[in-house]
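Have a look at the structure below before the remarks.
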Amino acid sequence: MTTAAPKIRFRDPQVEMAHGAGGKASRRLIDGLFAPILFGSAPAPLGDAAHININGTCVAMTTDSFVVRPLRFPGGSIGELAVNGTVNDLAVSGARAQALVVSYVLEAGLPTEILEAEVRSMAAAAATAGVVIAGGDTKVVEHGKADQMYITTSGIGRLIPGLSISPAAVRRGDKILLSGPIGDHGITILLARGELDLEADLRSDTRSVLPLVEALADAVGAGVHWMRDPTRGGVATSLNELAHDCGLGIMLSEDRIPIRDEVRGACELLGLDPLHIANEGQFLAVVAAEQAEAALDALRETPGGEEAALIGEVGEQPAGAVLVTTLYGGSRIVDMLVGDPLPRIC
Amino acid sequence: MRFVDEFREPELITRTADEIRRLADPMRHYRFMEVCGGHTHSIYRFGLKDLLPSNIELVHGPGCPVCVLPMGRIDDGLSIAEQPNVMFTAFGDMMRVPGTHGSPLEYKARGMDVRIIYSPSDALKLARNNPEKHVMFFAIGFETTAPSTALTLMRARAEGVRNFSVFCNHVTIIPAIRAILDSPDMRIDAFIGPGHVSTVIGCRPYAWIASHEDKPIVIAGFEPLDILQSIVMLLRQLNANERRVENQYKRAVPWEGNRAALKAMAEVFELRPYFEWRGLGFISQSALRIRESYGEWDTERRFSVPGVRVTDPKAAQCGEVLKGVLKPAQCKLFGKECTPEHPVGALMVSSEGSCAAYYNYEHRKTAALTSVFPLPASLGA
């Protein structure tokens, strides 16, 4: 018996920025090129971390690269993102980060002062998140071949008991919770570049969401069916992926989605949808309807979760898509991010 | 948020929608054209069609600058940008518009210097900061954006910035409306008039639509309440058998327009004898070019422009959709070969294009899903 060669469906002639934006193009690249070659077949729904069974012990493992420009911005920096991003990917896959390893790609000519500041940021973020940085690697490329520095972190985590996260666990009637206001990170980075004559008192939301995830797990345990940190591509992209993976419809109430006025204002001016803007310290959780209130209370009682909200629910329709309804009864489909309005935000 | 939330107030919106239902004659079918792509976008984004009775049909008009630009002009602009030491600058919505050999973003991925800007003055700033480069601004838009291009050119001349030029694709709205009305397959009862354009040109230039074409027109703002209120005003006119130009968007549109902006435009631009519009063909005196006195900053005078003409793919029905003859989903390519990710026609690119708006916000509400990740047929499984 011969195994059929994996079918490569990715036909784009070259890599574009959009392939790294976390939206539709990224998904096509993964489903059409990486998965068939690396996994040999269409993958199971892609989570934020892989769960690997080693001699009967299940661990979660993930990796993430950071190429944000500028390196520092109000509320954070590339070093903090690199730690929190991986801790959060593990957290929303239902795992507590135990150890990280880090790889630096540095551009020759990078001032030591900048490097040291980022290494210190990483140490501080790791201490706050309660994770050990256990090892690393450094490469240097010629001046002009990279933009100051890129950081990759890989993490391993222990599964949080009682949690079982999967799109397959999502049921009609489940409620959708959001840990806090959206869009702060993406808009902060956009403004920090100084290319727009716009100013706003905004900070990136980068942080570890592990305390909030643990509070949720303590409160409702297996009542949590699915989680995701809506980074690149924003809430809209994460929920579209869920809708696609579980085959159900997601209905959001626009007025319940927490968004700061500064973010709304910038989005109005720039023609962006806040639902497509990246976050670095928020997560979405789908929770069984009867436990939604307890889950929301648990989030709101945890420091940093005060602005958590119930933003919608899962239904049969529109199958595989996300529908946003307004207070006055209008509705619209919200698709995944297409293209790349804000490149290199994390 | 001030000046926004007031116009999205649920109770007022519900009340206005009730008023529309009360005013609309159930025995009659109404076709209202919203001229401006910004309105099309708002209508879908806020789900306003859900609030209207089924006998009020909104027809999407030609007021989307990216959508009416023929592919040849994009090829022309990109061919200049391919020359050494040229930086190509344009608004974000130009970036994914396909030319024959790719969109500006694809050129950028291949190494060309392509920058997104938010104002023409940013392009001039890039020219000042990059004296070794020639910075070309690919200017598009109706009278809404033309004044800022004009002011930027005036500043470039005043400051003597020589490494800057504008590839001018500015068009004017009135000839486009006239072309729509002259089209034999077009039946429109009334117009929701363009808001942003009118902040510059005012309300007078629309008078002929009421007096000679016998159609009401209401200049409207872009928030849900603005659009619904303008529909109320149109229905009241029709019910009273009146034909007038009315201004719903008084908070932004002065009746006489913006004299300073018009003066700047007159200083820098003159009418082209004719210009090609995608879907509408050649329309006389419908576009602006840069006057000879600003010739040094005119890309078309400084570089040799090939003057490419490209016919749209035969199967694409952009023209019919642009004129409102077909609904986006009635085009053979809609959602199949032509998606926001792989647009065949420009209507699928700009967020103001009716196909993109319909695709993004509407079509899956009603149509059965073929796939959540529609792939062009050429990539089909």
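Miscellaneous remarks
- Nitroxide proxy distance, nm - points 7 Å out along Cα→Cβ at residue B:274 and residue A:113: 6.4
- Percent accessible area from carbon and sulfur atoms, the protein assembly as shown, protein chains only, probe 1.4 Å: 52
- Of the chymotrypsin sites (Phe, Trp or Tyr not before Pro) found in region B:234-312, those that fall in a DSSP loop while having at most 15 other beta-carbon atoms within 10 Å are B:255.
- About its Cα centre, the dipole of the protein assembly as shown is roughly 1700 debye, where the only charges are +1 on Lys and Arg Cβ and -1 on Asp and Glu Cβ.
- Members of B:250/B:327; B:49/B:327; A:24/A:139; A:24/B:365; A:24/B:323; A:24/B:108 lying beyond 24 Å, as alpha-carbon distances in this model show: B:250/B:327; A:24/A:139; A:24/B:323
- Charge dipole (region B:281-341, unit charges on Cβ, about Cα centre) - positive-most of B:315, B:297, B:282: B:315
- Taking the average, over residues, of other Cβ atoms within 10 Å as the packing measure, peptides A:204-214, B:191-201, B:98-108, B:71-81 rank B:191-201, A:204-214, B:71-81, B:98-108 from highest down.
- Peptide B:47-54 has a mean shielding of 4, counted as Cβ atoms of other protein chains within 10 Å of each residue's Cβ.
- Other protein chain Cβ atoms within 10 Å, averaged over every residue that makes up A:316-328: 5
- Centroid-to-centroid, using Cα positions, region B:309-335 and region A:228-245 are 31 Å apart.
- In region B:1-18, comparing the full protein assembly with the chain on its own, the residues that lose 30 Å² or more of accessible surface at a 1.4 Å probe are B:1, B:8, B:10.
- Only Lys, Arg (+1) and Asp, Glu (-1) charged, at Cβ; region A:186-286 dipole about Cα centre in debye: 220
- Accessible surface buried by the B/A pair amounts to about 3400 Å², both sides summed, 1.4 Å probe.
- Residues in region B:332-361 occluded by at least 50 Å² - accessible area, probe radius 1.4 Å, against chain by itself: B:341, B:361
- The mean count of C-beta atoms from other chains within 10 Å of the C-beta of residues in A:243-256, rounded to a whole number, is 1.
- Column: log10 I(q)/I(0), Debye, Cα scatterers of the protein assembly as shown, q = 0.05, 0.06, 0.07, 0.11 Å⁻¹: -0.26, -0.38, -0.51, -1.25
- Charge dipole (Cα centre; +1 on Lys/Arg Cβ, -1 on Asp/Glu Cβ; no other charges) of region B:1-70 amounts to roughly 160 debye.
- Accessible area (Å², per residue) of chain B, counting only protein heavy atoms and a probe of 1.4 Å: 40
- Accessible surface computed residue by residue for region A:86-158, with neighbouring protein chains in place and a 1.4 Å probe, gives 47 Å² per residue.
- For residue A:145, a cut-off of 17 angstrom between C-alpha atoms picks up these aspartates and glutamates, skipping any fewer than 8 places away in its own chain: A:107, B:113.
- Residues in region A:264-284 that, when all protein chains are in place, have 10 Å² or more less accessible area than the chain alone would give (probe 1.4 Å): A:264, A:265, A:268, A:270, A:273
- What region A:303-346 shows is 31 Å² of accessible area per residue, with the surface traced by a 1.4 Å probe over protein heavy atoms.
- Cα centroid separation, region A:273-346 to region B:133-171: 41 Å.
- Between the alpha-carbon centres of region B:36-113 and region B:262-303 there is a gap of 19 Å.
The values are calculated or read from the model by the stated rules, or taken from the named source; none is laboratory data. Note that the structure is a prediction, hence the values are computed from the model and not measured. Backbone-built Cβ (ideal geometry, glycine too); neighbour counts: all protein chains shown. Accessible surface areas use protein heavy atoms only, side chains included; no ligands, DNA or RNA. Shrake-Rupley method; radii C 1.70, N 1.55, O 1.52, S 1.80 Å.
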